1. Can you give the three extents of the C-alpha atoms in the protein assembly as shown along their principal axes, from longest to shortest, in whole Å?
2. Say a label goes 7 Å from Cα toward Cβ at residue A:108 in every copy; what distances in nm does this one have to the rest, shortest first?
3. Could you give the angle, 0 to 90 degrees to the nearest 10, between helix A:109-121's Cα long axis and the longest principal axis of the Cα atoms of chain A?
4. Would you please give the FRET efficiency between residue A:16 and residue A:180, computed as 1/(1 + (r/R0)^6) with r the Cβ-Cβ distance and R0 = 30 Å, to the nearest 0.05?
5. Grab the beta carbon distance between residue A:32 and residue A:53, set R0 = 35 Å, and tell me the FRET efficiency rounded to 0.05.
6. Between the label point of residue B:62 and that of the same position in each other copy, find the distances and list them shortest first in nm, with every label point placed 7 Å from Cα along the Cα-to-C-beta direction.
7. Keeping all protein chains in place and using 1.4 angstrom, which order do B:50, A:154, B:83 fall into by accessible surface area, from largest down?
8. Treating the beta-carbon of each Lys and Arg as +1 and of each Asp and Glu as -1, no other charges, what is the dipole magnitude of chain A about its Cα centre, to the nearest 20 debye?
Protein chains: 2
Amino acid sequence: MTKETTSRSRKPKRGQTREALMAAALELVVKKAPFSALSLREVTKKAGVVPTAFYRHFPDMSALGLTLLDESFRTLRHMMRQVRQEELPNERMLRGSLEVYFNYVRNNRAHFLFVSKELAGGTPTMRNAIRREIRMFTNELAMDMARFPFLNHVNAEDLQMMAGLVVNNVTALTQEMLELEEIDETGQREVLMTAEKQLRLIYFGVGMWRSDKSSS
Amino acid sequence: MTKETTSRSRKPKRGQTREALMAAALELVVKKAPFSALSLREVTKKAGVVPTAFYRHFPDMSALGLTLLDESFRTLRHMMRQVRQEELPNERMLRGSLEVYFNYVRNNRAHFLFVSKELAGGTPTMRNAIRREIRMFTNELAMDMARFPFLNHVNAEDLQMMAGLVVNNVTALTQEMLELEEIDETGQREVLMTAEKQLRLIYFGVGMWRSDKSSS
DNA sequence: AATTCAAGTCAACACCTGTACACTTAATTT
DNA sequence: AAATTAAGTGTACAGGTGTTGACTTGAATT
């Protein structure tokens, strides 16, 4: 009967203050300052809760930050997995993938803003966590490319280099996108078109690449 | 006689507190936190001066930030101008240019760290100022490329796109470089080599590019 | 029905923050 | 030599900060 919520560590039923705190922090990041500049007190205030209540859910602000980071990447990884398993990369699907990705960015603006700001300005712990996630994406992309017959003759190191090139650019374009107003659809379309051209250019370059000269 | 320092607004002779304040802020950015998280008081403390002395040189912290930004880009522009006027871009000089650039980054680590952190986490004013500078570099690179016979048939929009691709990547690699310890020369060499390969790949892609289909 | 306990409140603390104001001092101008 | 002025100091205040400890409360466990 009342056993819906199982065993120990029952979910917070009515008191979803934890979520409120995370949402408040995220909102402040969007419209005020980088996460590292937020104070515990203003987060709790925005969450409509007394400062000391914070400690019932997180030991300190940096713990909140790491939770937020985890949340951001968990959903992003999920989306990436879907895009990836659709088809092997080729020029045709490029446009589609980019549209899906940037649409996702658009719908998760707050999380991306949070990550983007912390990537450069966060604590070392935070920065390393983010860079590790990005490296994971790069690795997965490199693995996908390895399966592409077109690239049989390219060695692992160069595949990594190519994937890095793509990821670097998408990251930069994402940040460019985040700088645009939410309503600026023209600007967003422009970024998308630039992205497509840049990736196509990379695609051409990849086609010409020869992994000779070994790795001196 | 005593007229060495001219007319009004004489240079601060002994009291080079202004420079001390800027140096202190820069040092704190390197080893503590993004500029936006620094307090006026800790900057003055590190500069060995009483808090209220700050106001003799800057109206507030954000003014110090803008001055720091100006200083950062003034010397960077100077270096870029030298590199640029050497020769038209081609594959041979690529390695050399990259070495010069990354060497410069290495020798101005504090300034680059400052800019890198403010690019994402600074005030809107700060972010816009930085993005404007970067856009200027992109434009200049596009102009250089336009002079390249190889690229006669590429229209202006696409040149801009290509320059953007290069700048995006160099920016990302610069940040990667800044994450490395100052003593990690192996890592730095690796970044340099990756950079060279990535730009060469872009170079190949540029060679294949055709600006047809106009801009739909 | 009694008990336990997670999740909330309130009051208080020691500290750090930006800035105003009045004062000194040494150098430059007159 | 006298006057001015840029650049430094010390004190003070009102406000924000993280964190403590003791208290309340209502729902889940027993």
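The values are calculated or read from the model by the stated rules, or taken from the named source; none is laboratory data. Here the structure is a predicted model, which means the values were calculated and not measured. Cβ atoms come from the backbone with ideal geometry, glycine included; neighbour counts cover every protein chain shown. SASA here: full protein model, heavy atoms, side chains in, ligands and nucleic acids out. Shrake-Rupley method; radii C 1.70, N 1.55, O 1.52, S 1.80 Å.
1. 97, 61, 43
2. For residue A:108, the inter-copy label distances come out at 3.6 nm.
3. Tilt of helix A:109-121: around 80 degrees.
4. Working: r = 32 Å, r/R0 = 1.06.
Plugging the Cβ-Cβ distance into 1/(1 + (r/R0)^6) gives 0.40.
5. Details: r = 21 Å, r/R0 = 0.60.
The pair residue A:32/residue A:53 has a calculated efficiency of 0.95.
6. So the label point of residue B:62 gives 2.9 nm to the other copies.
7. Values: B:50 90, A:154 10, B:83 30 Å².
Listed by decreasing accessible area, they come as B:50, B:83, A:154.
8. Details: 32 positive and 26 negative charges, 230 e Å.
My answer is approximately 1100 debye.
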